[in-house]
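A.B. asks: Sharing a structure below in structure tokens format, with a few things to ask.
Quick note: the coordinates plus some simple rules give every number you see, no bench work behind them. The model shown is predicted, which means the values in this text are computed figures rather than measured ones. Glycine also receives a Cβ, built like all others from the backbone with ideal geometry; neighbour counts cover every protein chain displayed.
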Amino acid sequence: MENLMRTDKNEILKRFKPIDKFAHKGLQGHALIVGGSYGKIGAPALSAKACLKSGAGLVTAYIPKCGYDIVQTIIPEVMVITDDYPTHLTAIDKAVDFRAIGIGVGMGLHSETQQAFFHFLKLNKAPLVVDADGLNILSENKEWLELLPPKTILTPHKKELERLIGEWHDDAGKIKKVKTFSKEYDLVVVVKGAPTVIVYHDALFENSTGNQSLATGGSGDVLTGIITGLLAQSYEPLDAAIVGVYVHGLTADIALSDVGYHAFTASDCIDNLGKAFLTLY
């Protein structure tokens with residue numbers, strides 16, 4: 001493929017920002033993770049924890065009321081704002097300014113949630129990562145794509161991508177359609193797969209890490225958290241996507257000798273983030 005770059009460690013080091021020894025949580029940025037619905041609170045919980053463990057100084061989760069005790073209990077370092085409704089999001093009101101926002105994980109497709117997402121998009125100016133049900137809502141309301149901030153990062157798997165851009169016949173056709181889509185709306189598109197390819201306009205970046213262990217529920221929620229955490233640290237969106245995908249894949253490579261392919265979970269991905277980042281120092 002034309003304009004394809006393979007993102008190995010040397011390429012990542014050109015983009016990676018070590019944390020300054022005089023840093024404080026304010027400098028590291030405040031990130032917001034928006035998502036969750038009844039039975040799917042694990043998604044924003046995983047995403048918020050991954051966001052925090054990627055270096056964000058502060059992380060807040062915006063979730064339905066049913067998830068309050070869960071998130072406060074399993075991730076005490078993450079702050080929580082709850083919707084007024086118990087089982088799904090009906091409004092997405094930002095109480096403070098956030099440096100980066102990740103939205104969509106476990107959010108569901110309730111009509112009230114879709115309207116809340118629409119009103120959020122009309123008001124939001126913060127750097128944004130959209131995943132999961134956020135992507136599915138956009139695919140049903142494609143005119144809303146124009147409301148996304150420049151260089152918003154989308155992280156679709158195959159089916160989500162197909163809903164956004166339509167069907168394709170081969171990989172070359174898929175990439176051509178993604179390039180057109182990226183240029184039309186000025187988006188960074190993380191085409192998840194084996195390997196994952198990050199697309200920004202005509203530029204392609206093929207990730208060099210990861211293995212089949214990542215084919216497990218919650219893996220994508222973790223990736224959203226990692227990328228949002230990097231955005232909160234003032235990474236350029238394309239760099240946040242490239243570094244985030246690399247580190248996410250590297251956690252599975254690091255865990256392989258201890259966990260193997262079958263037993264690896266999204267939580268193992270989070271548990272190995274520290275070791276993954278250490279390889280970049």
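A.B. asks: So what does the Cα-only Debye profile of region 21-116 read at q = 0.15, 0.22 Å⁻¹, as log10 I(q)/I(0), no solvent term?
C.D. replies: Those come out to -0.51, -1.04, one per q.
A.B. asks: Moving to a separate point now. Using the alpha-carbon centroid of each, what span in Å lies between region 167-205 and region 1-70?
C.D. replies: 23
A.B. asks: Now a separate question. As a test, work out the antiparallel percent of DSSP beta bridges whose residues both lie in the chain, rounded to the nearest 5.
C.D. replies: Numbers: 8 of 34 bridges.
Of the beta bridges lying entirely in the chain, close to 25 percent run antiparallel.
A.B. asks: Full extension from Lys275 to Leu109: what is 0.36 nm times the residue separation minus their Cα-Cα distance, to one decimal in nm? Show your work: numbers first, answer last.
C.D. replies: Working: separation 166, 0.36 × 166 = 59.76 nm, distance 3.60 nm.
Between Lys275 and Leu109, full extension yields 56.2 nm more.
A.B. asks: Further question on the same structure: Largest first, please: the extent of the C-alpha atoms of region 213-281 along each principal axis, to the nearest Å.
C.D. replies: Principal axes ranked by extent give 35, 26, 15 Å for the Cα atoms.
A.B. asks: If each Cα of the chain is one equal point scatterer, what is log10 of I(q)/I(0) from the Debye formula at q = 0.13 Å⁻¹?
C.D. replies: -0.80
A.B. asks: Let me ask something else. Before rounding to the nearest 500, sum -39500 (n - 2.57) across all DSSP H runs of length at least 4 in the chain and divide by the residue total; then give [θ] at 222 nm in deg cm²/dmol. Please list the in-between numbers first.
C.D. replies: Working: 12 runs with 120 residues, N = 281.
Taken over the chain, the calculation gives -12500 deg cm²/dmol.
A.B. asks: From the Cα trace of region 68-118, what convex hull volume per residue do you get, rounded to a whole Å³? Let's see the in-between values first.
C.D. replies: On the way: hull volume 5.1 nm³, N = 51.
So the per-residue hull volume is 100 Å³.
A.B. asks: Using Cα pairs closer than 8 Å and at least 6 residues apart in sequence, work out the relative contact order for the chain, in percent.
C.D. replies: Working: 604 pairs, mean separation 60.7, N = 281.
Relative contact order for the chain comes out at 22 percent.
A.B. asks: Then there is this: For region 63-125, what relative contact order do you get, as a whole percent, if you take Cα pairs closer than 8 Å and at least 6 residues apart? Write out the running numbers ahead of the final one.
C.D. replies: Numbers: 57 pairs, mean separation 19.0, N = 63.
Relative contact order comes out at 30 percent.
A.B. asks: Give the peptides 135-148, 204-217 in descending order of average Cβ contacts within 10 Å, highest first. Before the final figure, lay out each step's value.
C.D. replies: On the way: 135-148: 16.4, 204-217: 18.5.
Going from most to least packed, we get 204-217, 135-148.
A.B. asks: Normalised by the number of residues in region 29-99, what is the relative contact order in percent for Cα pairs under 8 Å and 6+ residues apart?
C.D. replies: On the way: 134 pairs, mean separation 25.3, N = 71.
Once normalised by length, the contact order is 36 percent.
A.B. asks: Going by average Cβ density within 10 Å per residue, which order do the peptides 187-197, 28-38, 154-164 take, highest to lowest? Intermediate results must be reported in sequence, preceding the final value.
C.D. replies: Numbers: 187-197: 21.6, 28-38: 26.6, 154-164: 20.1.
Answer by packing, highest mean first, reads 28-38, 187-197, 154-164.
A.B. asks: Can you tell me the mean projection area, over all orientations, of the convex hull of region 150-281's alpha carbons? Units nm², please. Display every interim value, and only then the final one.
C.D. replies: Numbers: hull surface 32.1 nm².
Taking the Cα atoms of region 150-281, their convex hull projects to 8.0 nm² on average.
A.B. asks: Okay, moving on. With a point put 7 Å past each Cα toward its Cβ, work out how far Ala203 is from Ile74 in nm, to one decimal.
C.D. replies: Between Ala203 and Ile74, the simple spin-label model gives 3.6 nm.
A.B. asks: Sort 77-84, 259-266 by the packing proxy (mean of other Cβ within 10 Å over each peptide's residues), most packed first. Could the numbers behind the result be given before it?
C.D. replies: On the way: 77-84: 17.0, 259-266: 15.4.
Going by the mean number of other Cβ atoms within 10 Å, highest first, we get 77-84, 259-266.
A.B. asks: Quote the convex hull volume per residue of region 49-95, based on C-alpha atoms, as a whole number of Å³. Intermediate values should be presented prior to the final figure.
C.D. replies: Details: hull volume 3.4 nm³, N = 47.
Convex hull volume per residue, Cα atoms: 73 Å³.
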